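Engineer: Sending over a structure as structure tokens; questions will come in a sec.
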Amino acid sequence: MQALLWPNDEQFGPHAAFAGIWASGPFQGITGQRGGKGVPFQRVRLQAYKTLAVIALALALAVAAFPSIERIYLERASAAGENTLRIAVEGLSGSLERFQPMPGLIAERPILVDLLKDPDNEGLRPFVNEQLRLTAMSLGVSDVYLMDIGGNTIAASSYRKELSFVGRNFSFRPYFQQAIEGGLGRYFALGTTSGERGYFFASPVLDNTRILGVIAIKFTVDSFEEAWRGGASEILVTDLAGVVFMSSRPEWHFRTFGALGSREFARISRDRQYPLDRLIPFEIDRRTTGTLDRLTLDGETFVANEVPLATVGWRVLHLTPTAPARAQALLTLLGAVLLMLLTLLGWQIVNERRARAAERLEVQRQANERLERQVAKRTEALNTANARLTEEVEERKATEQRLRQTQRELIQAGKLAALGQMSAALSHEINQPLTAVKAYADNAATYLERDRIAEAADNVARISRMVDRMATLSGHLRNFARRPQDSVEPVDLSAIVGDALDLMEVRIAGVKARVDYTAPPAPVLVMGGRVRLQQVIVNLLSNALDAMQAVEEPVITIEIDHPAPDATRLLVTDIGSGLDEAVQDQIFDPFFTTKGPKKGLGLGLSISYNIVRDFGGSMAAANAPGGGAVFSVTLRSAETGDQTAVAAQ
Ligand code: ADP
């Protein structure tokens, strides 16, 4: 089965089998038939190519779909960035709005005017210093300081610190210049004293309408940046000139969007706003498609969201790296491709299973058909053999029938032969009493004439005995000549032996043979037929006498015994010539005789053998221990209950 489906699996290894799975699928019809008698190697290669083609197609689809999927993820990132940006901007502008009115409120303190009017008042200055320190603390700003009209700091919250603002001149700062002119000063710069980036608000300190000085506050932006840090995205804020002054990434501080103009550069230098050596422009690549704004800074690409802070002229940017979105898109795509391939593979496997099952069924069907054909052929052969057997049985039956017929005829012939043998002896035996009867009759007549009645009666009595004897002889002969019935029934073996001895009496007496036989006291019942059994025994006695022709004092010994509980055996032993080995082998064959043509037919033992077999018994011949032959006839013992049947015979 396996070999039929995949004759080359072993040859080409597991790849070939894998290719086979694919090939049995949807493209099967295009390229050829599986399980056919094509060129398997080419087929397997073709299947491998198809597999590769399917995978390549899936990959090409994935590559084509990638930008769209990436865009979905980027837009999602952009939407999330929008929210973060809004929160950041609100925080930032909230702080600006909160701190903006503070300098104006502080400027209203009369003590400031007092100090500005009398800057060298050693009693007032410490007091103002301490007041400013407390104010800075309660407002949560890094510095609060008071400058005179020339921009010299006369009191500051940082008066205790090493880098104190006190004594420093900030007249160069735009916020000072704006405030001294009576406006609200606002500015972002890197602190020249502290080196910290800070946002400055400043207000004029008025004595009625006269401007005596400027009060300024500064708050650092580090806390905003700290809040922005830690996420995957970045936030940065640029000023009007495009300089990044706030960023979640410290290394971006003071980087610029585009190169600064010479005037701008000069202004920054003059105001000492930013460290000039750090004003390095970004390498920028910006692509906006629809709502998606892709910004590449120094080779790093982000999705950008931007909001302007109009009041201060700033731009706040939220930047989400595109790498995670790309990775997500790639993962999604890979997952889809994998799912596609797996589905395809599953489908192929199911198809393959189905195809294999169908092929298995087909093979089974063919095997069944073959089997049926074989069975039909065998049945035919069996029928023929059966018919031949029936014929043979019929023939055998007919042959048996013929044999039985022949046997019966032979038995008759045998009997006639025995009769012929006996007739010579009988004629002598009958002639002799007849002569005697004649003599006794003549004598009786003579005695009657002389009135010697007693002598006459004696002679008549002798005649009667003679006649009786002759009658007995003729009775036996009649029995012998009669065709026996085929029935097998219980008969008395000892009585039959007696009858046979009676029949043979004349011959036995003729050769002066002695019969050594003691009749059993009770009847010995065996299964047989009286006349046929008698014929067997007569034949055995006759053969014994023949064999002892050369013996001076012939002896025949007759015994009856039981070799088994249900068997009865008759043994007839003589002291004659015995049996040669060659003779012993064929003694029961028909027409086997060692006697001259006129003396024996060679049928006696053969017929006897068959008769005994018909009775369900057996016959055997052997040499007797004392010389001579011993013939045994073994018969089935009859049940005692059958005795009535015997009596009726
Ligand atoms: P027939 O008596 O006509 O020869 P049988 O079948 O009765 O035919 O006997 C066959 C042969 O068996 C005899 O010719 C004889 O050679 C041998 N035979 C039979 N009975 C005896 C015996 N008691 N002793 C020796 N040989 C015997």
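Any read-out appearing in this document is the output of simple, stated calculations on the displayed coordinates, not a laboratory observation. As the structure is a computational prediction, the values presented were derived from the model and not from experiment. Counting neighbours? That spans all protein chains shown, and the Cβs are built from the backbone with ideal geometry, glycine included.
Engineer: Sum up the charges of everything whose Cβ sits under 14 Å from the Cβ of Thr557, counting Lys and Arg as +1 and Asp and Glu as -1, but leave Thr557 out.
Structural biologist: Cβ neighbours under 14 Å give a net charge of -3.
Engineer: May I ask which residue of Leu116, Ser142, Pro126 lies farthest towards the positive end of the charge dipole of region 112-154, with charges of +1 (Lys, Arg) and -1 (Asp, Glu) on Cβ and the Cα centre as origin?
Structural biologist: Farthest along the dipole direction, towards plus: Ser142.
Engineer: Could I ask something else about it? In square nanometres, what is one fourth of the surface area of the convex hull spanned by the alpha carbons of region 58-129?
Structural biologist: Reported value for the Cα convex hull: 8.7 nm².
Engineer: Please give the length that would be gained between Ala385 and Val363 if that part of the chain were fully extended, namely 0.36 nm times their separation in residues minus their C-alpha to C-alpha distance (nm, one decimal).
Structural biologist: 4.7 nm
Engineer: Taking the Cα centre of each part, how many Å lie between region 87-129 and region 502-525?
Structural biologist: Each part's Cα centre sits 175 Å from the other's.
Engineer: Give me the base-10 log of I(q)/I(0) for region 496-545 at each q in 0.21, 0.26 Å⁻¹, Debye formula, one uniform scatterer per Cα, rounded to two decimals.
Structural biologist: Debye output, listed in q order: -0.79, -1.09.
Engineer: R0 = 51 Å: FRET efficiency of Tyr517 with Ala441, Cβ-based, nearest 0.05?
Structural biologist: After rounding, the FRET efficiency stands at 0.90.
Engineer: On to the next question. Counting other beta carbons within 10 Å of each residue's own, what order do Trp252, Trp347, Trp228 fall into, fewest first?
Structural biologist: Trp347, Trp252, Trp228
Engineer: For the chain, what is the number of Lys pairs with C-alpha distance below 20 angstrom, counting only pairs 8 or more positions apart or on separate chains?
Structural biologist: Final tally of qualifying lysine pairs is 4.
Engineer: Determine, from the Cβ-Cβ distance of Leu59 and Thr291 and an R0 of 30 Å, the FRET efficiency 1/(1 + (r/R0)^6), rounded to the nearest 0.05.
Structural biologist: 0.50
Engineer: What would the Debye equation give as log₁₀ I(q)/I(0) for region 235-389 at q = 0.15, 0.20 Å⁻¹, counting only Cα atoms as equal point scatterers?
Structural biologist: Debye output, listed in q order: -0.92, -1.23.
Engineer: Based on the alpha carbon coordinates of the chain, what radius of gyration and maximum Cα-Cα distance (Dmax) apply, in Å?
Structural biologist: Both quantities, over Cα of the chain: 75.1, 232 Å.
Engineer: Also: Counting helices only, and only those DSSP H runs with n ≥ 4, report the 222 nm mean residue ellipticity of the chain as the sum of -39,500 (n - 2.57) divided by its residues, in deg cm²/dmol to the nearest 500.
Structural biologist: -19000 deg cm²/dmol
Engineer: Which net charge results when you count Lys and Arg as +1 and Asp and Glu as -1 among the other residues whose beta-carbon is under 12 Å from that of Ile496?
Structural biologist: -1
Engineer: DSSP loop (so not H, G, I, E, B), at most 16 other Cβ within 10 Å: list which chymotrypsin sites (Phe, Trp or Tyr not before Pro) in region 98-199 pass both filters.
Structural biologist: Phe172
Engineer: Answer rounded, prolate or oblate for region 540-609, using the Cα gyration tensor with square roots of eigenvalues a ≥ b ≥ c: rounded when a/c is under 1.5, else prolate when a/b is larger than b/c, else oblate.
Structural biologist: Oblate, since a/c reaches 1.5 and b/c is not below a/b.
Engineer: Which residue, chosen from Ala624, Leu635, Ala227, occupies the Cα position most advanced towards the positive end of the dipole of the chain, where the dipole is computed from +1 (Lys, Arg) and -1 (Asp, Glu) charges on Cβ about the Cα centre?
Structural biologist: Ala227
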